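Readers should treat all values here as calculations from the given coordinates under stated rules, not as data from a laboratory. Fair warning: this is a prediction, and the values are worked out from it, not measured in the lab. All Cβ positions, even for glycine, are placed from backbone atoms using ideal geometry, and neighbour counts span all protein chains on display.
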Amino acid sequence: RKKVTINSLRSLYKKGEPITVLTAHDFPSAHVAEAAGMEIILVGDSLAMVALGMEDTSEVLVEEMLLHCRSVSRAAKSAFTVGDMPMGSYEIAPEQALETAIRFVKEGRVQGIKLEGGIEMAPTIKKITSAGIPVLGHVGLTPQRQNALGGFRVQGKTSAGALKVLEDALAVQEAGCFATVLEAVPQEVATLVTKKLSIPTIGIGAGNGCSGQVLVQVDMTGNFPPGRFIPKFVKKYGDVWSESLRAIEAYRDETKSRAYPAPEHTYPISKEELAEFER
Ligand code: KIV
Ligand code: NA
């Protein structure tokens, strides 16, 4: 597969072909996303929860994100890779944000970065893109600000709210984002925002009128125990957790019964050497 670039993403958008985006948080999860032909692999800060067991994304550190970015980048040979800048690493000033973005490129080995926020982040996005680092925007529901939003709530459900989503999306486009995530907004709003923009919108919980979709890999592959909450917009395409559980339980049972290891899993020694050894 040819390397996905800013230019090839642009031509998918121009053709009206949906852009496929999936998160990955380590080498194996990136490998499978790459093999499945994902155009963008996002090292989302959702890894705080799904890979590190944290309560929310506010806890994850830049250093931790960089370790995950590096391992993802080693497997993502043709996908375009994007690292999610964590809460606290870019809000203070555009200079701080650019320093963090440079670390993501140099140490995380990703090609672009993502940050959350609209109008208020425009100077920051300008600063980073003018240094030649592609920025993926993120408007609508911005989970890093969940405490200020009163939780994980759908955005743009009122006409004023919808206008705010549109203004934020236009602002990040104007500031130089190559695309923007649109999270948890009504389908009609996301579709209209997509029509008004001249960069791709990557929807999550935003309906099918966007220019592409993104999902969290452990959610869509079903790599989580039964009973865990998943948002309404997630489609569970697989049941990886059950398959892993089945395999590990079978290994447990066969080890207990000594059915494993069987002869084919063992190394041979010649009769002569064995006789000599046993003397
Ligand atoms: O952290 C994440 O995984 C994300 C995507 C779901 C957009 O931000
Ligand atoms: Na995120």
May I ask you to give the average projected area over all directions of the convex hull of the Cα atoms of region 27-120, in nm² rounded to one decimal?
6.0 nm²
Only sites in a loop by DSSP and with at most 15 other Cβ atoms within 10 Å count here; which trypsin sites (Lys or Arg not before Pro) in region 204-247 make the cut?
Arg228, Lys232, Lys235, Lys236
Could you give the length gained on full extension between Thr266 and Arg252, defined as 0.36 nm per residue of separation minus the Cα-Cα distance, in nm?
3.2 nm
Pick from His265, His138, His68 the residue whose mean-square fluctuation is largest in a GNM of the chain, springs joining Cα atoms under 10 Å.
His265
Find, among the GluC sites (Glu not before Pro) in region 46-140, those assigned to loop by DSSP (not H, G, I, E, B) with at most 10 other beta-carbon atoms within 10 angstrom.
Glu55
Taking the dipole about the Cα centre of region 136-202, with the C-beta of Lys and Arg at +1 and of Asp and Glu at -1, give me whichever of Val193, Pro143, Ala179 is farthest to the positive side.
Pro143
Tell me the mean residue ellipticity at 222 nm calculated for the chain from its helices only (DSSP H runs of n ≥ 4, each -39500 (n - 2.57), averaged over every residue, nearest 500).
-12500 deg cm²/dmol
Quick calc, region 212-279, dipole around Cα centre from Cβ unit charges on Lys, Arg (+) and Asp, Glu (-), nearest 20 debye, gives 620 debye
Hey, with R₀ at 22 Å, roughly what FRET efficiency would Gln96 and Arg10 work out to, going by the Cβ-Cβ distance, to 0.05?
0.15
Using θ = phi - 60° and the Karplus form 6.51 cos²θ - 1.76 cosθ + 1.60, what ³J(HN,Hα) does each residue of region 30-45 get, whole Hz, x for Gly and Pro?
6, 4, 6, 5, 5, 4, 7, x, 4, 6, 10, 10, 9, 8, x, 6
Write down the radius of gyration of the chain and its Dmax, each obtained from C-alpha positions, in Å.
22.4, 89
Please list, by residue number, every one of the trypsin sites (Lys or Arg not before Pro) in region 100-175 that is coil in DSSP and has at most 12 other beta-carbon atoms within 10 Å.
Arg153
Which whole-Hz couplings ³J(HN,Hα) result when phi for each residue of region 152-169 is put into the Karplus expression 6.51 cos²θ - 1.76 cosθ + 1.60, θ = phi - 60°, listed in order with x for Gly and Pro?
7, 10, 4, 9, x, 8, 10, 5, 5, x, 5, 5, 4, 4, 4, 5, 5, 5
Under a Gaussian network model of the chain whose springs join Cα atoms within less than 10 Å, the largest fluctuation of Phe27, Phe229, Phe80 belongs to Phe229
